[in-house]
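Novice: Here it is, the structure, as structure tokens.
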Amino acid sequence: MSAEPSPALARLQVRCNDALVGLLGHGNSEFAADAGPHLVRLFEASAYALTRGGKRVRPLLVYAAAAAVDAAALDADEGSVSGLDYVACAAEMVHAYSLVHDDLPAMDDDDLRRGQPTCHIAFDEATAILVGDGLQARALELLTDAPDVPAAVRLEMVRSLSAAAGLRGMVGGQAIDIGAVDQAITADHLETMHALKTGALIRASVALGALAAGASEEQQAALDDYADAIGLAFQVCDDILDATSDSETLGKRAGADEALHKPTYVSTLGLDAARDKAEALLADAQAALQPFGGSAALLREIADFIVHRLR
Ligand code: GRG
């Protein structure tokens, strides 16, 4: 049981962080400089939202799913950015966009994220909206450009990520979430909402890694089962942390769900039953990995980290 990422996961977090800086392109953007201070500021705000803090759970899932399918998938030339890095960064960019928009006054109206002022506080609302829009578009661009990935696989990855992000995925789940404020909600309805809002992108991250590594249909099906279990476990644990931790530890406003009258696993099931549910989902996730043997070690570590993390 681990509250911190293992050394192998920590190395992948660093690898992703390095790739994000390069692939956002803000560091050496002659284009932005030529276009004047407003575009420079938009790049700065995008880098602010993307690179400061965050656990990088979704990119870790991309890397780990690829490694489960192909042991050589994580090999990369020193200092170079691989196709898998492009894919991992695409998943993080969609996630970062969702956080920036979720924090806006029209949504959850939060002023703290990843231990820093939210993007619309550090910059302004219009900039935060544009940052989200730009990150989502850049994510899809990265998938189409991923080096050394066959064109048919890149197309399938674009379909997978855009479906997960869109109306039948994360955005749809967010709409249900907004509508659920102050409403009594059944456990089934809660599960549907989270399967879309949080689960779809987690599931897509696993699928992207598997696709990039050339997974068979059987492998993809087993990885889907794993992703379903950890996606839900992630949300159950997020609800537990929101109810039991403090803002400094979380780097975001603790107790926000209760303050916003949002239904959660803690309010619906109670704290003990929510904890039991997280452990049961962890067991389901580990069971789904059985066909992969030792090659799924990273995926096992991520599942353990998701359920036992402290933030
Ligand atoms: C605005 C289109 C749109 C969607 C927003 C994902 C989402 C939908 C909102 C985020 C709000 C939230 C707190 C959801 C609970 C689960 C979640 C995604 C938590 C944040 O993810 P972490 O813990 O964050 O992976 P870090 O900062 O570590 O990357």
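Novice: Just checking, which of A213, A233, A256, A207 is closer than 21 Å to R168 by Cβ and of a type in the set (G, A, S)?
Specialist: Numbers: A213 fails: closer than 21 Å to R168 by Cβ; A233 fails: closer than 21 Å to R168 by Cβ; A256 fails: closer than 21 Å to R168 by Cβ.
The unique qualifying residue is A207.
Novice: Confirm whether D85 is buried (at least 19 other Cβ atoms within 10 Å of the Cβ) and either at pLDDT below 95 or of a type in the set (F, W, Y) (or both).
Specialist: Details: buried (at least 19 other Cβ atoms within 10 Å of the Cβ): yes; either at pLDDT below 95 or of a type in the set (F, W, Y) (or both): no.
In short, no.
Novice: Only one of these conditions is not met by L271: (1) within 19 Å of A3 (Cβ to Cβ); (2) within 20 Å of the chain's Cα centre (by Cα). Which number is it?
Specialist: (2)
Novice: What number of residues within the range 267-280 satisfy the criterion of being more than 16 Å from H308 (Cα to Cα) and open to solvent by 30 Å² or more (accessible area, probe 1.4 Å)? It would help to see each step written out before you state the result.
Specialist: The first filter runs over the range 267-280 and keeps only residues more than 16 Å from H308 (Cα to Cα), leaving 267-270.
If we keep only those that are open to solvent by 30 Å² or more (accessible area, probe 1.4 Å) too, we end up with 267-269.
Going through the range 267-280 one residue at a time, the tally reaches 3.
Novice: Right, something else. Taking the stated definitions as given, is G169 more than 14 Å from the chain's Cα centre (by Cα) and open to solvent by less than 50 Å² (accessible area, probe 1.4 Å)? Full working, then the answer.
Specialist: On the way: more than 14 Å from the chain's Cα centre (by Cα): no; open to solvent by less than 50 Å² (accessible area, probe 1.4 Å): yes.
Criteria not met by G169.
Novice: For the range 67-182, please list each of the helices (runs of 4 or more DSSP H) lying entirely inside it that holds at least 3 residues being within 10 Å of the ligand (Cβ to nearest atom). First the steps, then the outcome.
Specialist: Working: elements: 83-102, 119-122, 125-145, 151-165, 170-179.
Because the criterion is at least 3 residues that are within 10 Å of the ligand (Cβ to nearest atom), the helices (runs of 4 or more DSSP H) in the range 67-182 that meet it are 83-102, 170-179.
Novice: Against the definition (touching an Asp or Glu at 6+ places or on another chain (Cβ under 9 Å), buried (at least 17 other Cβ atoms within 10 Å of the Cβ) and within 29 Å of D75 (Cβ to Cβ)), how does A215 come out, yes or no?
Specialist: The answer is yes for A215.
Novice: Just need a number here: residues in the range 174-212 that are free of Cβ contacts under 8 Å to residues at least 40 places away in the same chain, buried (at least 21 other Cβ atoms within 10 Å of the Cβ) and either of a type in the set (K, R) or over 22 Å from D85 (Cα atoms) (or both).
Specialist: 4
Novice: Quick check on my filter: what residues within the range 36-57 are under 18 Å from G22 (Cβ atoms) and either assigned to a loop (DSSP other than H, G, I, E, B) or of a type outside the set (A, V, I, L, M) (or both)?
Specialist: Residues satisfying the conditions are F43, E44, S46, Y48, T51, R52, G54, R56.
The values are calculated or read from the model by the stated rules, or taken from the named source; none is laboratory data. Not measured: the values here are computed from a predicted model. Quick reminder, even Gly has a Cβ in these numbers, built from the backbone with ideal geometry, and neighbours come from all protein chains shown. Ligands, DNA and RNA are excluded from the accessible area calculation, which covers all protein heavy atoms including side chains. Shrake-Rupley method; radii C 1.70, N 1.55, O 1.52, S 1.80 Å.
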